[in-house]
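Input: a single structure, listed below in structure tokens.
No lab work stands behind these numbers, since they all come straight from the coordinates. The structure displayed is predicted, hence computed values, not measured ones. So basically every Cβ, Gly included, is an ideal-geometry build from the backbone, and we count neighbours across all protein chains shown.
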Amino acid sequence: MNDVFGLMDEWGPEKVVCVSDRRTGMKGVLVVDNTARGMGKGGTRMRVDLQVGEVARLARAMTWKWAAVDLFYGGAKAGIVGDPGSGDKEAVLRSFARALRNEVPSEYVFGLDVGLNEQDAAILLDELGDRGSAVGLPAALGGLPYDQLGVTGYGVAEAADAAATSIGLPMVGARVAVQGFGAVGSAAATRLVELGAVVVAVATATGTVSDPEGIDVVKLIELRTEHGDHCVTAYGAVQPPEAVLEADADVLVPAALEDVIDGELAKRIHPRLIVEGANLPTTDSARQILHERGIAVVPDFIANAGGVVAAAHSMDARRSAFPVDPDTVMAMVSTKMRANAVTVIEESARHHIHTKEAAQVLAQRRVREAMRLRGQFRP
């Protein structure tokens, strides 16, 4: 727990709940970071090497993400240590849900993140027997099909287009590299092609495929359905996975894992714009170097907040008999992602600070005011 104590500050976390079960081997954690603007909401992930500190960092990112899009929920995140492909996944999920009965759904609502899908959300819902306990459900249970609609990736592309326009980079003909070709990366690539961009490099965990003339994104998605991460191998010649980060591209979309762009890499790469599809893909030192080099960055909790916009709609509808309207959600995602991307680019230039700092100033101002009104500061 020492890593969590090291992360504690004036903002949170407010609560860290570690749970385990001897029969299933389940080990998990819930971090409620800051609820000044509303109850805790953030995805639930499952990874074999999950750390409590990782979940705490992501919970903090959710605090800023909700505030940045100006929706009234608080930052929280949950995680389970385990292999999402394991045969005992359902038993572990059910055990995790039971262990958090005191917190779910009064303080936290399960959602989807790395390692979980709509079927898993349905299992969590079934275990707790409360329709308000999970979002990200299958459409047959009244949920909004996030992955099918590509909500988060769509928002990343909308943010990229608005930011590119802001810095004088036409998206039509712009060369784009995408790291990660899951739900976010593939949806972002699809939308960027619709906006006129040329996707020249794509990476999965197994490698990078590149083509200066443009990758056929539709074909790559079809191959992913059949081959998973090996779709890049099936498509054609493959370089190492990290090669995508140094591809000859105008726009780089890191949509995989945390901390993939460090200080050393930030000195070498040459995109004009980086749009963070993943959570925390750029280290603190890298952000400062990129800013000094004049490379614009749309930070994670601005660029990938389309998912929380959809989650907010799902939260409002979770006890209702009426389904969420996808067109309404996508329109709101586009509006908020575009406006916020331009705001942080402009604020960064105006105050001579990097864009994540500009975004945090915006988010922190809103959270601090909520904390002040609730009387949460020491006199």
Compare 331, 177, 311 in a GNM of the chain, Cα atoms joined below 10 Å, and give the one with the largest fluctuation.
331
Among trypsin sites (Lys or Arg not before Pro) in region 266-309, those in a DSSP loop whose Cβ has at most 11 other Cβ atoms within 10 Å are 293
Please turn the phi angles of region 289-305 into ³J(HN,Hα) values with the Karplus equation 6.51 cos²θ - 1.76 cosθ + 1.60 (θ = phi - 60°), one per residue in order, whole Hz, x for glycine and proline.
5, 4, 4, 5, 8, x, 8, 6, 10, 8, x, 3, 6, 9, 5, 9, 7
Charge dipole magnitude, Cβ of K and R +1, D and E -1 - the chain, Cα centre, debye nearest 20
1240
Per-residue Cβ neighbour rank within 10 angstrom, fewest leading, 373, 141
373, 141
Based on alpha-carbon centroids, what's the gap between region 90-108 and region 1-77 in Å, whole number please?
14
Between 280, 252, 265, which gets the highest mean-square fluctuation from a Gaussian network model of the chain, Cα cutoff 10 Å?
265
Amide H neighbours of residue 198 under 5 Å, at least 5 residues apart or on other chains, H built in the peptide plane: list them.
173, 174, 175, 176
Taking N as the number of residues in region 1-95, what is its alpha-carbon radius of gyration divided by 2.2 N^0.38 Å?
1.11
Which number comes out as Rg/Rh for region 230-375 once both Rg and the Kirkwood Rh are worked out on C-alpha atoms?
1.04
Across the alpha-carbon set of region 76-188, Rg over Rh with Rh taken as the Kirkwood radius works out to 1.09
Give a residue-ordered list of calculated ³J(HN,Hα) values for region 236-245 (Karplus: 6.51 cos²θ - 1.76 cosθ + 1.60, θ = phi - 60°; whole Hz; x for Gly, Pro).
x, 4, 10, 9, x, x, 6, 4, 4, 5
Candidate lysines for bridging to residue 89, where Cα separation is under 17 Å - those fewer than 8 sequence places away on the same chain excluded:
27
Does region 26-70 classify as rounded, prolate or oblate by the C-alpha gyration tensor (a ≥ b ≥ c root eigenvalues; a/c under 1.5 gives rounded; else a/b over b/c gives prolate, otherwise oblate)?
prolate
Spin-label model distance (nm) - residue 211 vs residue 227, 7 Å beyond Cα toward Cβ:
1.2
Pick from 79, 40, 115: which is most flexible by mean-square fluctuation in a GNM of the chain where alpha carbon atoms under 10 Å apart are linked?
115
Approximate shape of the chain as ellipsoid semi-axes (Cα gyration tensor, √5λ), whole Å, largest first
31, 25, 20
Quick one: if you stick a label point 7 Å off each Cα along the C-beta vector at residue 15 and residue 83, how many nm between them?
3.3
In deg cm²/dmol, rounded to 500, what helix-only [θ] at 222 nm does the chain give when every DSSP H run of at least 4 residues adds -39500 (n - 2.57) and the total is split over its residues?
-13500 deg cm²/dmol
Can you tell me the length gained on complete extension of the stretch residue 267 to residue 288, counting 0.36 nm per residue apart and subtracting the Cα distance?
6.5 nm
In whole angstrom, note down how far apart the Cα centers of region 282-335 and region 174-206 are.
17
